[in-house]
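Inspection log for the structure reproduced underneath, given as structure tokens.
Only the coordinates and a few stated rules stand behind these numbers; no lab work does. Model, not experiment: these values are computed from the prediction. When we count neighbours, we look across all protein chains shown, and the Cβ atoms used for this are built from the backbone with ideal geometry, even at glycine.
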Amino acid sequence: MAKTLAEKVWDAHVVRKGDGEGANAQPDLLFIDLHLVHEVTSPQAFEGLRLAGRKLRRADLTIATEDHNTPTLDIDKPIADLTSRTQIQTLRNNCAEFGVRLHSLGDAEQGIVHVVGPQLGLTQPGMTVVCGDSHTSTHGAFGALAMGIGTSEVEHVMATQTLSLKPFKTMAINVEGTLRPGVTAKDIILAVIAKIGTGGGQGYVLEYRGSAIRALSMDARMTICNMSIEAGARAGMVAPDETTYAYMKGRPHAPQGADWDAAVEYWNTLRTDDDATFDVQVDLDANTLEPFVTWGTNPGQGVSLSEAVPSPEDFGDENAKAAAERALQYMGLEAGTPMKDIRVDTVFLGSCTNSRMEDLRAAADIIRGRQKDPNIRMLVVPGSARVRLEAEAEGLDKVFKDFGAEWRFAGCSMCLGMNPDQLDVGERCASTSNRNFEGRQGKGGRTHLVSPVVAAATAIRGTLSSPSDLDPAPESAAIRTDAA
Amino acid sequence: MEKFTTHTGIGVPLRQSNVDTDQIIPAVYLKRITRTGFEDALFSAWRKDPSFILNQEPFNAGSVLVAGPDFGTGSSREHAVWALKDYGFKAVLSSRFADIFRGNSGKQGLLAAQVAQDDIELIWKELENAPGTQVTVDLTSKTVVCGNIVAPFEIDDYTRWRLLEGLDDIGLTLQHESDITAYEATRPAFLPKTLPARLS
């Protein structure tokens, strides 16, 4: 029978077929190839194991890193916030007790869990990947079935290396055409979410397809899959291809020699069959896409940067109208204001959505040789210590510092403000992260989600801006068209 | 897990869509390493506003939350479910739940009952017209009763069965441990292992 990519990966991991229909019918039990762990959603799971006298079944398929609580300054000093320090120390104790490999603050492989897995080559096509973090969908960029789970499921995976999963539906997101200069993967996914809504993907595994997706780098595909969860999807995937293999080859945990050949032979089968059908198809035209930005307090409340803040009256549905009213009030915005007239206070370049080499390079290419708006503070937070090292080897740190941005250590940072990197009440931020929820980046903070190149252009002009709004740089800094 | 068959308690109308997990419990509260004691964290930003529904009697004693569509969107934090439970909520009614939130609820014995938006609107009106009205959520018959309103709700069969029986997920899975062991023996050799560490 013809199958979609998601169905192929699912079927290859069924440990025990579900019981079918019936009141107590167990769903399919799936094997989990890789379990990523961080300090926030794991302590209660480890404690659960201890209380039940259970073992960690597969330490060799588990890896941990510290990311949510970690400071991005003074990382050689003890963490100032006591509860943060305790949570990190708890992870260290648990990993030592259960034999889990941990990349701690200060280690070259430490960083945001979703940056670390791919960079080590642990995320591979066709795998099942889980983590107690909703942005696990990131790993779907490799053609893996990757899902965020709650702490009870974290404990379940620790004890059994499996998960009972309800069947899913399939949705194809077809993006055809060529992105214009200054338009990026981030704009694709923001446009998709605005189109289908924050609940539009619910119950579905999304597969991103089409010529515009095929043309993207792995870093860019990760940006897209990362935000699948913001459309409510269970997972997002891109079929592996030569771009994927080129990224994988030579990574520390990538297969080698005969194993590599066997792996590639298998990976080549991981494509949706031509005669397979999706439950839903969504089309997006890459040719006409513009830089996208959010105006509200959920990731579906977005428009093209060239448009204006919408009016609640624009929404037919009563709930959407009420949500828009509330969002405008929280965001301190008037309907009808051109998005490009909105002045921001802070620019945040980072998060598991946009903190990889390509993101940093794209932003650096915009700001090189230009001046930062003096009223803007800009934080650049690489996704991992390894990304930071690579960026420094290319001299990007110097570009950011010369521009007047703060060059920080790796972690989740201001995406969710669990560490000291937070917005103040009323502070407005152009952020390359994934959620513009009320108070997400700090109590009372106001978030506009943008791409790295829009973030960079905004830091120069002080108002939400696209690279095409900039005057030519003194020493012409070409805008990369392949930017994340 | 405690068995859940039926619950009756004061209904709390939360007229809002897209109640995300950062609103249910802000990230700052996720630094704790315990599984209980999150009642202070529930809706903590909104509770600073005296007009917020949970700051009004008799809603502050509510145990059935009646929310707008897309409840629990955003992060995977199970703390959102713990906070609702610790506050005293036994059930949440919405026309649409985020998948991970719904899954987490099922693991923790919080009933996430999917009710048609038209019925939610009727229940909102009833609860606002007669504050303190009790809502009964009956998992056996999959119905919600509020005043004269009787509405069906949806929940997947397996979660319903586990809630009714109060069963522990891990224990259920470990009944199939031999299947897991058999599967493990068939995994291809090229798949990665995290141990020993290979570093770049």
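Data for the structure
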{"read-out": "About the Cα centre, charge dipole magnitude for the range B:1-98 (Lys/Arg +1, Asp/Glu -1 at Cβ), debye", "value": "160 debye"}
{"read-out": "Above-threshold pairs, the threshold being 24 Å between Cα atoms, out of A:LYS55/A:LYS166; B:LYS107/B:LYS142; B:LYS85/B:LYS142; A:LYS249/B:LYS193; A:LYS17/A:LYS169; A:LYS195/A:LYS321", "value": "A:LYS55/A:LYS166"}
{"read-out": "Rough spin-label spacing in nm, given labels placed 7 Å along Cα→Cβ, for A:ASP402 and A:ALA96", "value": "4.5 nm"}
{"read-out": "Helix axis angle, A:185-196 relative to chain A longest principal axis, alpha carbon, degrees", "value": "80 degrees"}
{"read-out": "15 Å beta-carbon shell around A:SER134, net charge (K/R +1, D/E -1)", "value": "-4"}
{"read-out": "Simple Cβ-charge dipole of chain B, Lys/Arg +1 and Asp/Glu -1, about Cα centre, in debye nearest 20", "value": "640 debye"}
{"read-out": "Value of Rg/Rh across the range A:185-301 [Cα atoms, Kirkwood radius]", "value": "1.02"}
{"read-out": "Least to most buried among A:ARG343, B:ARG77, A:ARG234 (fewest other Cβ within 10 Å first)", "value": "A:ARG343, A:ARG234, B:ARG77"}
{"read-out": "Selected from A:VAL116, A:ALA335, B:CYS146, residue furthest toward positive end of dipole (the protein assembly as shown; charges at beta carbon)", "value": "A:VAL116"}
{"read-out": "Segment B:GLU57-B:THR6, length gained on full extension (0.36 nm per residue, minus Cα span)", "value": "16.0 nm"}
{"read-out": "Fewest-first ranking of B:PHE38, B:PHE4, using other Cβ atoms within 10 Å as the exposure measure", "value": "B:PHE4, B:PHE38"}
{"read-out": "Computed E for B:SER200/B:ALA116 - FRET, C-beta separation, R0 45 angstrom, nearest 0.05", "value": "0.30"}
{"read-out": "Hits among lysines - C-alpha to C-alpha of A:LYS401 under 26 Å, sequence gap 8 or more where chains match", "value": "A:LYS77, A:LYS186, A:LYS340, A:LYS372"}
{"read-out": "FRET E, pair A:ARG50, B:ALA182, Förster distance 30 Å, beta-carbon r, rounded to 0.05", "value": "0.60"}
{"read-out": "Per-residue average of Cβ from other chains inside 10 Å of B:30-41", "value": "5"}
{"read-out": "Ascending count of other beta-carbon atoms within 10 Å, so fewest first, for A:ARG356, B:ARG35", "value": "B:ARG35, A:ARG356"}
{"read-out": "Cut-off under 5 Å, modelled amide H: who pairs with A:ASP28 long-range", "value": "A:GLY18, A:LEU165"}
{"read-out": "DSSP-loop trypsin sites (Lys or Arg not before Pro) across the range A:440-475, with at most 11 other Cβ within 10 angstrom", "value": "none"}
{"read-out": "Cut-off 13 Å between beta-carbons: net charge of the residues surrounding B:ASP157, Lys and Arg +1, Asp and Glu -1", "value": "-1"}
{"read-out": "Straight-distance crosslink candidates among lysines, where the alpha carbon sits under 22 Å from A:LYS443 and sequence neighbours closer than 8 are dropped", "value": "B:LYS31, B:LYS48"}
{"read-out": "Net length gained if the chain between A:THR178 and A:ALA258 were fully extended (0.36 nm per residue, minus Cα distance)", "value": "25.1 nm"}
{"read-out": "Average beta-carbon neighbours from other chains, 10 Å sphere, peptide A:88-100", "value": "1"}
{"read-out": "Helix A:318-331 axis, angle to chain A major axis (alpha carbon atoms, nearest 10°)", "value": "60 degrees"}
{"read-out": "Of the GluC sites (Glu not before Pro) in the range A:20-86, those whose Cβ has at most 11 other Cβ within 10 Å and which sit in DSSP loop", "value": "A:GLU21"}
{"read-out": "³J(HN,Hα), Karplus 6.51/-1.76/1.60, whole Hz, each residue of the range A:156-169, x for Gly, Pro", "value": "4, 5, 4, 7, 10, 6, 9, 9, 7, 10, 6, x, 10, 9"}
{"read-out": "For A:THR447, distant residues with modelled amide H under 5 Å away", "value": "A:CYS429"}
{"read-out": "Euclidean distance between Cα centres, the range A:139-190 to the range A:260-294, Å", "value": "12 Å"}
{"read-out": "Sequence ranges A:346-353, A:244-251, A:197-204, ranked by mean other-Cβ count within 10 angstrom, highest first", "value": "A:346-353, A:197-204, A:244-251"}
{"read-out": "Kirkwood-type radius of the range B:1-135, with distances r between different C-alpha atoms, in Å", "value": "14.7 Å"}
{"read-out": "Kirkwood-type radius of the protein assembly as shown, with distances r between different C-alpha atoms, in Å", "value": "25.2 Å"}
{"read-out": "Peptide-level mean, for A:185-198, of C-beta atoms on other protein chains within 10 Å", "value": "1"}
{"read-out": "Long-range HN-HN contacts of A:LEU305 with modeled amide H, under 5 Å", "value": "A:PHE292, A:VAL293"}
{"read-out": "Karplus-derived HN-Hα couplings along the range A:256-267 (A = 6.51, B = -1.76, C = 1.60, θ = phi - 60°), whole Hz, x at Gly and Pro", "value": "10, x, 5, 4, 4, 4, 5, 5, 4, 4, 5, 4"}
{"read-out": "In order through the range A:110-115: 3J(HN,Hα) via Karplus (6.51 cos²θ - 1.76 cosθ + 1.60), integer Hz, x for Gly, Pro", "value": "6, x, 4, 3, 7, 8"}
{"read-out": "Given charges at beta-carbon only (K, R positive; D, E negative), |dipole| of chain A in Debye", "value": "800 debye"}
